[in-house]
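Peer 1: Just passing along the structure, written as structure tokens.
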Amino acid sequence: METGLSNRVALVTGASGAIGRATALHLAAEGASVAVSWYTNHNGALDVVGAITRAGGRACAIHLDHHGPSTMPGVIEEIAERLGPVSALIANAVQWPSFDTDEIGGLTTSLAVNTVGPLALIDAALPAMRASGWGRIVVVSTDIVAQPMAGPLAYATAKGALETAARVLAVREARHGILTNIVRPGFTLTDKALAAPFLGPEAVAAESAKTPTGRICTPEDVATAVTYLASAANGHVNGQTVSLAGGRELVRG
């Protein structure tokens, strides 16, 4: 399958972590130059950059703070100077919920970081995509938007808002050659998820048993789907939500 990612520049936010790292490595393996964004884990981002460059690819680490939407144009400009204009943007970075009792305060923070920040970044990248007549935007969401669970109200609400915005972008930007899609992982086997109060090893085993594929999602599962949607191999999938829950959403209980 020809992905057409050679000589393209991809920005993967939150690329120092599990899903972002796997995605960055997949895109680089297909020939893309990759901007690896980080917020707190600089060493993790440098490790991803090192893995890409040792394999003969091009990559750079970029500090990105979703709390500051006004800084997003500068981030896009820096990437353009170092690698070239961004033509594929994977909005993967996320701030996990605090699970405290201040739901409204948590919602305000979550909307700022998980909705407004990514949208400001996308908005900053759109002019170059429009000018070139080609672009791909992939939003990494969560299946709790469709199957709510007790606890992460702020997180689910912010991700739901981001999904709605992505669908608007899909309709609005397709005439410029820009396709926008959403991937919605289920429980995903990462260190952070295993440490979260709503998952953990026992929940992994229970969810695996209820999932038709017999396991939960992995970062590689997400990276494979994102790489297709972010590539020229995807010529007509637009405004869609791809479930990566292994069919779990089809099973009751």
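The values are calculated or read from the model by the stated rules, or taken from the named source; none is laboratory data. Because the structure is a prediction, the values reported are computed rather than measured. Cβ: placed from backbone, ideal geometry, glycine included. Neighbour counts: every protein chain shown. Note: areas computed on protein heavy atoms with side chains; ligands, DNA, RNA excluded. Shrake-Rupley method; radii C 1.70, N 1.55, O 1.52, S 1.80 Å.
Peer 1: Compute the length gained on full extension between residue 194 and residue 146: take 0.36 nm times their separation in residues and subtract their Cα-Cα distance, giving the result in nm to one decimal.
Peer 2: 15.2 nm
Peer 1: Continuing with this model, one more query. Below 8 Å, C-alpha to C-alpha, sequence gap of six or more: please give me the relative contact order for region 142-253 in percent.
Peer 2: Dividing the mean separation by the residue count of region 142-253 yields 34 percent.
Peer 1: If we count trypsin sites (Lys or Arg not before Pro) as exposed when they sit in a DSSP loop and have at most 16 other beta carbons within 10 Å, what is the longest stretch of the chain that avoids them all?
Peer 2: That would be 1-214.
Peer 1: Follow-up. Per-residue counts of other Cβ atoms within 10 Å, averaged by peptide: what ranking do you get for 36-47, 221-232, highest first?
Peer 2: Answer by packing, highest mean first, reads 221-232, 36-47.
Peer 1: In whole Å, largest first, what are the principal axis extents of the Cα atoms in region 9-148?
Peer 2: 48, 31, 27
Peer 1: Using modelled amide H (1.01 Å from N, peptide plane; none on Pro or chain starts), what sits under 5 Å from the amide H of residue 34, excluding residues fewer than 5 places away?
Peer 2: 10, 58, 59, 60
Peer 1: For residue 189, what residues show an amide H to amide H distance below 5 Å, using hydrogens built from the backbone and excluding near sequence neighbours?
Peer 2: 217, 218
Peer 1: Okay, moving on. Once you sort the root eigenvalues of the Cα gyration tensor of region 33-72 as a ≥ b ≥ c, which label holds: rounded (a/c under 1.5), prolate (a/b larger than b/c) or oblate (the other case)?
Peer 2: Because a/c hits 1.5 or more and a/b fails to exceed b/c, region 33-72 counts as oblate.
Peer 1: Can you give the accessible area per residue of the chain, in Å², using a 1.4 Å probe?
Peer 2: Heavy-atom SASA per residue in the chain reads 45 Å².
Peer 1: Please work out how much length the chain gains when fully extended from residue 53 to residue 232, using 0.36 nm per residue of separation minus the C-alpha to C-alpha distance, in nm with one decimal.
Peer 2: 62.1 nm
Peer 1: In debye, nearest 20: dipole of the chain around its Cα centre with unit charges on the Cβ of K, R (+) and D, E (-)?
Peer 2: 580 debye
Peer 1: To the nearest 500 deg cm²/dmol, what mean residue ellipticity at 222 nm is calculated for the chain from DSSP H runs of n ≥ 4 alone, each contributing -39,500 (n - 2.57), summed and divided by the residues?
Peer 2: -13500 deg cm²/dmol
Peer 1: Counting only protein heavy atoms and a 1.4 Å probe, tell me what percentage of region 108-253's accessible area is made up of carbon and sulfur.
Peer 2: 60 percent
Peer 1: Then there is this: Describe numerically, in nm with one decimal, the distance between label points set 7 Å from Cα along Cα→Cβ at residue 215 and at residue 240.
Peer 2: Result: 2.4 nm between the two label points.
Peer 1: Let me ask something else. Could you check the simple spin-label distance between residue 67 and residue 171, using points 7 Å along Cα→Cβ, in nm with one decimal?
Peer 2: 3.5 nm
Peer 1: HN-Hα J couplings of region 220-232 from phi, Karplus 6.51/-1.76/1.60, θ = phi - 60°, integer Hz, Gly and Pro as x?
Peer 2: My calculation for region 220-232 gives 5, 4, 5, 4, 5, 5, 4, 4, 4, 5, 8, 10, 6 Hz in order.
Peer 1: Next up: Out of residues 5 or more away from residue 242 or on other chains, whose amide H comes under 5 Å of its own, with H placed 1.01 Å from N in the peptide plane?
Peer 2: Long-range HN contacts for residue 242: 182, 183, 184.
Peer 1: What number, in nm² with one decimal, is the all-direction average of the projected area of the convex hull of the alpha-carbon atoms of the chain?
Peer 2: 13.0 nm²
Peer 1: What percent do you get for the relative contact order of region 7-118 when only Cα pairs under 8 Å and 6+ apart count?
Peer 2: 29 percent
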